[in-house]
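Participant: Here it is, the structure in full.
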Amino acid sequence: MNEGEGLQLDDEGRLRHFLTIEGLNRQTLLDILDTAESFISIGEREIKKVPLLRGKTVVNLFFEASTRTRTTFEIAAKRLSADVINFNVGISATNKGETLLDTINSLEAMHTDLFIVRHSDSGAAYLIARYLPPHVRIINAGDGRHAHPTQAMLDTFTIRRYKGDFTQLKVAIVGDILHSRVARSLIHALNILGVPEIRVIAPKTLLPTAVEKLGVHTFHDMSQGLEGVDVVVMLRLQRERMHGALIPSAQEYFNLFGLTRDKLAAAKDDVIVMHPGPMNRGLEIDSSIADGPRSVILPQVTNGIAVRMAVMALIMGGQTARNRRPV
Ligand code: NCD
């Protein structure tokens, strides 16, 4: 789905919406990372607020369960001084049969400036972006199996913080690639940022067909795939999206693809271990790794706030680290 490329950029190539990583250029991604870097210190202050989105209304529109993504978007918008409404689909009229676009119409009639949308259908955020007038901005917070662009930015932000430079890295993404919007968006971002070796490690049943076309090397064996890597990204087994038996048994999956100390020994000594959450401990990752010294899983969550602030500031006000006045 490449239509997002045209939809999300204005005539001068600036971000209008943030729907997908695909088609963005390296400088746009670096602008997001650099702007996020300048926002990190705000979270460490006593008063964690700047006025960049004062007077703006942000609606968190989540049609699918979420903990980290929804709350970090909410905190990010509040730190930028926006008014934030959480639209809870469980108690909304959408549950009474109202269509998605009727729901959007009502919320837009309340003069919403920015919608943050998560939906189980691939393309939902695009549909809304095409439907609403262009001054209303949309951020895709995960659409089906398709894209999760702010997760890719917080992942690459975390990688840059620990590893500095992208151009020497070997990165392995492990597990349920087939159902993962996180993997798809991250692979695009790593390629754009110049990571020379991106590996996916998974059983054949959990890999999309022709996955190599995304610019990755495939492995079906952890000891080979993790050999010499700088970064390991573990993925959750998305059992809610699986129809039929794609894995033999939980125990066998853990034996073959679960990240343990033994398997991680094949990676570089200073490897970092990432996971977007929520984690299935004992299924895709052992607790000793998740809580161990190589894990950066909690810093990923913290970094997500600064990265989401950066994306919101950029699409709402054209603020970048280069043109922003000190806050
Ligand atoms: C991911 C998602 O929802 O796509 N989680 C997240 O955003 N933190 C990954 C997942 O659900 O496994």
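Participant: Kindly indicate the residue of the stretch 293-304 that is open to solvent by 20 Å² or more (accessible area, probe 1.4 Å) and out of contact with any strand residue (DSSP E or B) (no Cβ under 7 Å at 6 or more places or on another chain) and also farthest from THR150 (Cα to Cα) among those meeting that condition.
Facilitator: Checking each candidate, the answer is PRO293.
Participant: So how many residues does the stretch 12-27 have that are surrounded by fewer than 18 Cβ atoms within 10 Å (Cβ to Cβ) and not in a loop (DSSP other than H, G, I, E, B)?
Facilitator: Matching residues across the stretch 12-27 total 2.
Participant: Additional query: Just give me the residues in the stretch 265-292 being more than 19 Å from THR156 (Cα to Cα), away from the ligand (no atom under 15 Å from the Cβ) and surrounded by fewer than 20 Cβ atoms within 10 Å (Cβ to Cβ), in sequence order.
Facilitator: Residues satisfying the conditions are ALA265, ALA266, ASP269, GLY282, ASP286, SER287, SER288, ASP291, GLY292.
Participant: Right, something else. Residue by residue through the stretch 28-79, note down the ones that are out of contact with any Phe, Trp or Tyr (no Cβ under 7 Å at 6 or more places or on another chain), outside any loop (DSSP other than H, G, I, E, B), among the basic types (Lys, Arg) and in contact (Cβ under 8 Å) with a residue 40 or more places away in the chain.
Facilitator: Passing the criteria: ARG68, ARG79.
Participant: Same structure again: Taking MET110 as meeting all but one of (1) open to solvent by 10 Å² or more (accessible area, probe 1.4 Å); (2) of a type outside the set (Lys, Arg); (3) within 13 Å of the ligand (Cβ to nearest atom), write down the number of the exception.
Facilitator: (3)
The values are calculated or read from the model by the stated rules, or taken from the named source; none is laboratory data. This one's a predicted model, so the numbers in the text were calculated from it and none came from an experiment. Virtual Cβ from ideal backbone geometry, glycine too; neighbours counted across all protein chains shown. Calculation scope for accessible area: heavy atoms of the full protein, side chains included, ligands and nucleic acids excluded. Shrake-Rupley method; radii C 1.70, N 1.55, O 1.52, S 1.80 Å.
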